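*Asks:* Take this structure, written in structure tokens, and hold onto it; I'll ask about it next.
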Amino acid sequence: MKAFIGTFVNKIDAKGRISVPAPFRTALQAKGLNGVALFPALTGDCIEGCGMDRIETLVESMKDDPLPSIDDDAIAHLIVGSARETPFDAGGRIVLPEDFIAKAKLTDKGAFVGKGRSFQIWEPAALAKTQDALMKRVLAGRLAQLSASKDEAR
């Protein structure tokens with residue numbers, strides 16, 4: 001499986017169209033897919049994207065139960081129920097749903113962030129702020145680990 005890696009910033013036109021980065025299109029097309037599945041991310045003000053195959057795998061992983069678990073029901077509502085399949089046009093663009101654009105606070109640009117099996121589309125300044133906060137959290141955790149290691153060595 002080709003992974004979604006890297007960060008790419010592309011323009012959003014007046015009709016809500018944005019070019020999917022060529023490496024991301026290649027990863028999807030290698031699976032025989034001609035578009036992406038999008039849904040509002042559960043981790044921040046951004047749009048989550050993946051191949052439709054990932055959505056299908058998610059659905060298959062849920063128990064076929066008339067009374068689903070609380071988690072399966074939440075996933076069904078928040079991911080499956082809101083997901084939209086967006087095909088590539090001849091130029092490799094997709095049309096972002098207006099409500100998704102509003103949720104992610106996108107204006108004229110979108111930053112695609114590869115996350116391995118999926119990707120996210122962020123407003124570039126919000127992405128920079130989020131990545132800064134993530135870096136601070138990781139560094140603080142690393143410093144705490146180093147401090148704990150030194151204490152154990154004593």
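The values are calculated or read from the model by the stated rules, or taken from the named source; none is laboratory data. Since we're looking at a predicted model, the values are computed, not measured. Cβ sites come from the backbone with ideal geometry, for glycine too, and all protein chains shown count toward neighbours.
*Asks:* Leu106 passes all but one of (1) in a loop (DSSP other than H, G, I, E, B); (2) modelled with pLDDT under 95; which number fails?
*Replies:* Only one criterion is unmet by Leu106, namely (2).
*Asks:* For the condition acidic (Asp, Glu), surrounded by fewer than 17 Cβ atoms within 10 Å (Cβ to Cβ) and over 23 Å from Pro21 (Cα atoms), what is the one hit in Asp64, Asp89, Asp53?
*Replies:* Details: Asp89 fails: over 23 Å from Pro21 (Cα atoms); Asp53 fails: over 23 Å from Pro21 (Cα atoms).
Sole residue among the options that is acidic (Asp, Glu), surrounded by fewer than 17 Cβ atoms within 10 Å (Cβ to Cβ) and over 23 Å from Pro21 (Cα atoms): Asp64.
*Asks:* Suppose we filter Thr43, Thr7, Thr26 for residues that are hydroxyl-bearing (Ser, Thr, Tyr), surrounded by fewer than 19 Cβ atoms within 10 Å (Cβ to Cβ) and under 14 Å from Phe88 (Cα atoms); which single one remains?
*Replies:* Thr26
*Asks:* Find all pairs meeting these conditions: Cβ atoms under 9 angstrom apart; at least six residues apart or on different chains; first residue within region 56-74 and farther than 17 Å from Leu42 by Cα and without any contact (Cβ under 8 Å) to a residue 60 or more places away in the chain; second residue among the basic types (Lys, Arg) and in a loop (DSSP other than H, G, I, E, B).
*Replies:* If the second residue must be among the basic types (Lys, Arg) and in a loop (DSSP other than H, G, I, E, B), the pairs left are Ser69/Lys63.
*Asks:* Given Thr57, Thr26, Thr86, which one is touching a Lys or Arg at 6+ places or on another chain (Cβ under 9 Å), of a type in the set (Ser, Thr, Tyr) and outside any loop (DSSP other than H, G, I, E, B)?
*Replies:* Values: Thr57 fails: touching a Lys or Arg at 6+ places or on another chain (Cβ under 9 Å); Thr86 fails: touching a Lys or Arg at 6+ places or on another chain (Cβ under 9 Å).
Selected residue: Thr26, the only one of Thr57, Thr26, Thr86 that is touching a Lys or Arg at 6+ places or on another chain (Cβ under 9 Å), of a type in the set (Ser, Thr, Tyr) and outside any loop (DSSP other than H, G, I, E, B).
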